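Structure, as structure tokens:
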Amino acid sequence: MSGLQTEGRVDTGRILTVESLSTTFATERGPVRAVDDVSLTLDRGQSLGIVGESGSGKTVLSRSVMGLLPSTARREGSIRFGDQELLGPGAPDMSRLWGREMSMVFQNPMVSLNPVMRIGEQIAEPLRIHLGMSRRDARSTAIRLLRDVRIPEPERRVNQYPHELSGGMRQRVMIAIALACGPSLLFADEPTTALDVTVQAQILDLIAEQRAERNMSVILVTHDLGVVAGHTDVIAVMYGGRLVETAPTATLFADMRMPYTEALLASIPRLDQPSHTRLTTIPGRPPELIDPPPGCPFAPRCAYARDRCREERPPLTPTQDPTHSYACWYPVGSPEYLETREQLAAGLTIGGRP
Ligand SMILES: Nc1ncnc2c1ncn2[C@@H]1O[C@H](COP(=O)(O)OP(=O)(O)OP(=O)(O)O)[C@@H](O)[C@H]1O
Ligand SMILES: [Mg+2]
């Protein structure tokens, strides 16, 4: 791993290149293709948001990159981390990369933290195992990490147990553990869903701040487009195991093309609405991953779908801007889309019939 972890060096360039990655689980009902032909890249210091509804394959995609999958899973394609290929013969032993090069903040700190072990020891453990630090050095590094993640009185907190901390503080400890060995890539899978809105924002700010300070890359996984809006450089929208739209964050919000992305945006809870307003969830269910029907996977739920959408699968195609791609035959703004929208607004269905 030389060259990937030179301290103090401002390093740019590609950290992750995923090409045509598919991940299939063998199940009794048949093969489940949870990740289907996904390609993406991530630069050093950049943050990528992976967004999509439940079951769209976000966790399986991140676990595929980390090599943390059950034995029923098979990966095909290519995953390059720095200049190392992680798939196929010659792939490195992933346990050498975990913690040190890639690490993960999990959703629920109460499950992931050991309830009978002091906070300090839980942070010190990876430092001792991966970096071979002495007990004393690991303890002082743990205190420094607690300070980095803005935990007040770290000298006292280091001796406490998880139950003595609030939910937000526990999530900060999880981040300290993930940061301990100075990874170049951090995965945060729904790191804030168990927290209230204010604490959520603080945790996301903390991750962003540590990313900038450490020139670390971040992959933020969430079902909420609102969560990634202010905290990522690039967004990849997933549906049924596929990428259906990718773009720099500002471009995506200004010029989204996929009706699915639009529907996800409409389902963001709005702060200006009374707190008990029902969210607009997208009607219908996500697609079958065993033997999926032909055509666009979103077609059965898409208000703008036409015959072609049900018959022919739209490929992920770049717009004039090569950093913005989408997979849709009748994207937002196209004449067909506008026609349907007018009909919907007039209370008519496609074809002009009520
Ligand atoms: N071990 C497994 N065996 C078979 N299928 C699996 C396995 N793990 C995940 N899947 C399937 O892969 C698909 C994608 O799951 P994944 O957990 O990646 O979704 P997700 O986007 O992370 O959803 P959520 O937002 O609920 O976390 C789902 O249909 C799931 O049932
Ligand atoms: Mg998930």
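The values are calculated or read from the model by the stated rules, or taken from the named source; none is laboratory data. Since the structure is predicted, the reported quantities are computational estimates derived from the model, not experimental observations. Ideal geometry is used to build each Cβ from the backbone, glycine not excepted, and the neighbour counts take in all protein chains shown.
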*asked:* Taking the criterion of being more than 22 Å from residue 206 (Cα to Cα) and either surrounded by fewer than 21 Cβ atoms within 10 Å (Cβ to Cβ) or modelled with pLDDT under 95 (or both), would at least one residue in segment 104-115 satisfy it?
replied: yes
*Somewhere in segment 12-19, is a residue within 20 Å of the chain's Cα centre (by Cα), within 9 Å of ligand 1 (Cβ to nearest atom) and modelled with pLDDT of 95 or more?*
no
*Taking the options 48, 68, 113, name whichever one is within 16 Å of ligand 2 (Cβ to nearest atom) and either in the same structural domain as residue 159 (by TED's automatic domain parsing) or over 24 Å from residue 231 (Cα atoms) (or both).*
68
*Residue that is touching a residue at least 60 places away in the same chain (Cβ under 8 Å) and not aliphatic (A, V, I, L, M), where the choices are 56, 64*: 56
*Restricting segment 51-71 to residues that are touching a helix residue (DSSP H, G or I) at 6+ places or on another chain (Cβ under 7 Å) and within 8 Å of ligand 1 (Cβ to nearest atom), which is farthest from residue 267 (Cα to Cα)?*
69
*Enumeration of residues in segment 165-194 that are within 16 Å of ligand 1 (Cβ to nearest atom) and closer than 21 Å to residue 147 by Cβ*: 188, 191
*Could you list all residues from segment 83-106 that are under 19 Å from the mean Cα position of the chain (by Cα), of a type outside the set (A, V, I, L, M, F, W, C) and outside any strand (DSSP E or B)?*
99, 101
*For segment 72-98, name all the residues that are more than 16 Å from ligand 1 (Cβ to nearest atom), at pLDDT 95 or above and of a type in the set (Lys, Arg).*
80
*Is it true that residue 240 is on the phi > 0 side of the Ramachandran plot, of a type outside the set (D, E, K, R) and outside the structural domain of residue 145 (by TED's automatic domain parsing)?*
yes
*Identify all residues within segment 116-146 that are part of a loop (DSSP other than H, G, I, E, B) and within 10 Å of residue 158 (Cα to Cα); write none if there are none.*
118
*Report those strands (runs of 3 or more DSSP E) wholly inside segment 173-275 carrying at least 3 residues which are touching a residue at least 60 places away in the same chain (Cβ under 8 Å) and either more than 16 Å from ligand 2 (Cβ to nearest atom) or under 28 Å from residue 120 (Cβ atoms) (or both).*
185-189, 217-222, 242-248
